[in-house]
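Nothing in this text is a laboratory measurement; each read-out follows from the coordinates by a stated rule. If you're wondering where the values come from, they're calculated on a predicted model, not measured in any experiment. Cβ placement follows ideal geometry from the backbone for every residue including glycine, while neighbour counts extend to all protein chains displayed.
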Amino acid sequence: MRVLVIGSGAREHALCASLRADPAVQGLVCAPGNAGTDTVAESRPVEVSDPAAIADLSAAEAVDLVVIGPEVPLVAGAADAVRARGIACFGPSASAARLEGSKDFAKEVMAAAGVPTARSRTCSDAAEIASALDRFGPPYVVKDDGLAGGKGVVVTADRDDAERHARSIVGAGRRVVVEEFLAGPEVSLFAVTDGVTILPMLPAQDYKRIGDGDTGPNTGGMGAYCPLPWLPPGFVDDVVGLVLRPIVAEMARRGTPYTGLLYAGLVLTPDGTKVIEFNARFGDPETQVVLALLESPLCGLLYAAATGNLATHAPLLWSGSSAVTVVVAAAGYPGTPRTGDEVQGAFGDGILHAGTRRGADGQVLVSGGRVLSVTATGADLAAAQAAAYLRASTVDFPGMQFRTDIAAAAVRGVIRVAG
Ligand code: AMP
Ligand code: GLY
C-alpha cells in the first residue's frame, strides 16, 4: 500500500516510523513533514488547512490510505475531501471532528449520551461570563469554544486572569465555555474506531506545563509516558463502557458516525472518571509513547478503521515494555521560539522530529517551538525514563529546554487515585 500522512510534528514522525515498519507499506509520503519524517518518508509540500489541496495531493500521489495527523485539517473537512475522491482516509469527517472543534458541541453530545464531564456554561458576553465564574468558583476553568492550538484553556485561581482570557475570546468573536474544575490525575486514552467497533489503545499521560512540577504556562505537551502503572484494574474497559461506546453510538445516531482516532482526555476525580475534552486525532506527545509499544502493524489497523472493517481486526498487541518521551523545546517556547539554530545529535533511535527543517548545507535547524520528542522504551518505566533522558543528553542546540520530571511521579509511585 501507498500511504500519505498529513502533518509535520513528532506525532507524524512517530506515525511514519510505525507505518514504515509495517510490511504492508510499500510507499510512504509525509506532507509537509520535517527533517525527521524526511528520513522515513518522501516529503511533499501542502497547506494543511486546505482540504482541497490535501485531496489533490492524495490523488496525485495515488495513495491507498491518507492518515491525517492534526486537528485543523480534520475540522476543516480534509477527510471528507479525500473520501470524495474515493480514497480511504483515517480521520473523522468535519461533522464528527466537531467533537474537538467545538467544546460546546462536545458538551451537548456528552449530555445526550449520558457521559460524565465537568458542569459548564457556554457564554457569549461579559455578564454571562461573570455569572458562570461566580457559579463555579475558583479555580476557574475558561475555554475557547473553538480550536486554539493548545492555548485555548486557562485554569487559574485569579479571577482577573480568568476574565481577561474570557474577554480575549469574546473579543475574537468566539464563545467561551466556563466550567467546573475537576481535581485528580489526568489520563489520555486513544481509541481507534470505524464508527461501530472500538479498539482502545494503552492509556498514557502527558505533561502540559512548561516547567518541572507542573509550573509555568501551558504548552502543546512537554513529555509523556505509557503505560500508567497506577491506574485501577479494569480502567480501560470502564472508560469504553462509560465514555467511548456512548459517544460513538450517539454520533452514529445523529447521522455523523465518528471514524478515526477518538482521544478522550479524562480526569480521575473522587466522584469517578470524567471527560475533560475530546480530540479528533492522535495526541502529541502521547502518540510517541503509545506507538512505541504497539506491536500490531499500524497500517493494517488504520486501514481497517478507515474502511469499516475493524470488527474482524485482531486484538491489539502490545510489547509489555514501557515508554517515555521527553520533548526538547526551543528557547522562548511556549512564547515566540528562537529559531534557526543548528541542532546537534538530531538523528538516532527514538529521536522524533517536530520543529526542524534542513538548512542549505543539509544541517538540521530549529524551525518551531517543540523541536524534538526524544523517546525510549525499557522493561519498566524507570528504565524507559533513564533511557529517554540519556538520549536527550545527546542532543544539543543553543537555549534548548526540557522538563526533567517526565514520568517521575509514576516511577516514584506517588500518584494517588481517589475513591
Ligand atoms: P486542553 O488544551 O483542552 O487540552 O486543556 C488543557 C488542560 O487544561 C487539560 O489537560 C487540563 O490539565 C486542564 N483542564 C481543562 N479542563 C479542566 C477542568 N475542568 N478541570 C481541571 N483542569 C482542566
Ligand atoms: N497531548 C495533548 C494533545 O494532543 O492535545
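Structural remarks
- Likely footprinting exposure, Tyr258, Tyr303, fewest C-beta neighbours within 10 Å first: Tyr303, Tyr258
- Placing one equal scatterer on every Cα of the chain and applying the Debye formula, the log10 ratio I(q)/I(0) at q = 0.13 Å⁻¹ is -1.17.
- Per residue, the average separation of C-alpha pairs within less than 8 Å and at least 6 apart gives the chain a relative contact order of 17 percent.
- Positive dipole terminus of the chain, leading residue within Phe105, Thr287, Pro92 (C-beta point charges): Phe105
- The 3J(HN,Hα) values that the Karplus relation (6.51, -1.76, 1.60; θ = phi - 60°) gives for the range 166-183 are, in residue order, 4, 4, 5, 6, 4, x, 8, x, 10, 8, 10, 9, 9, 9, 5, 6, 10, 9 Hz. Gly and Pro appear as x.
- Neighbour-count ranking [beta-carbon atoms within 10 angstrom, fewest first] of Phe136, Phe402, Phe278: Phe136, Phe402, Phe278
- Rounded FRET efficiency, nearest 0.05, which uses the C-beta distance separating Arg338 from Ala379 and R0 of 45 Å: 0.75
- The range 316-419, dipole about Cα centre (Lys/Arg Cβ +1, Asp/Glu Cβ -1), debye to the nearest 20: 300 debye
- Around Val414: net Lys/Arg minus Asp/Glu count, Cβ-Cβ under 14 Å: 0
- On the beta carbon distance between Asp349 and Ile415, with R0 = 25 Å, the FRET formula returns roughly 0.30.
- Radius 11 Å from Cβ of Ala252, net charge of other residues (Lys, Arg +1; Asp, Glu -1): +1
- Theoretical gain in end-to-end length, Ala183 to Ala360 [0.36 nm per residue, Cα-Cα removed]: 58.8 nm
- The range 177-331 - Rg (one decimal) and Dmax (whole number), Cα, Å: 15.9, 48
- Estimated FRET transfer efficiency when R0 is 30 angstrom, pair Ala252-Ser131 (beta carbons, to 0.05): 0.25
- Residues Met222, Met400, arranged from fewest to most other Cβ atoms within 10 angstrom of their Cβ, appear as Met400, Met222.
- Local electrostatic count at Gly345 - Lys and Arg +1, Asp and Glu -1, tallied over other residues with Cβ under 14 Å: -3
- Rounded to the nearest 20, the Cβ-based charge dipole of the chain about its Cα centre (Lys and Arg +1, Asp and Glu -1) stands at 340 debye.
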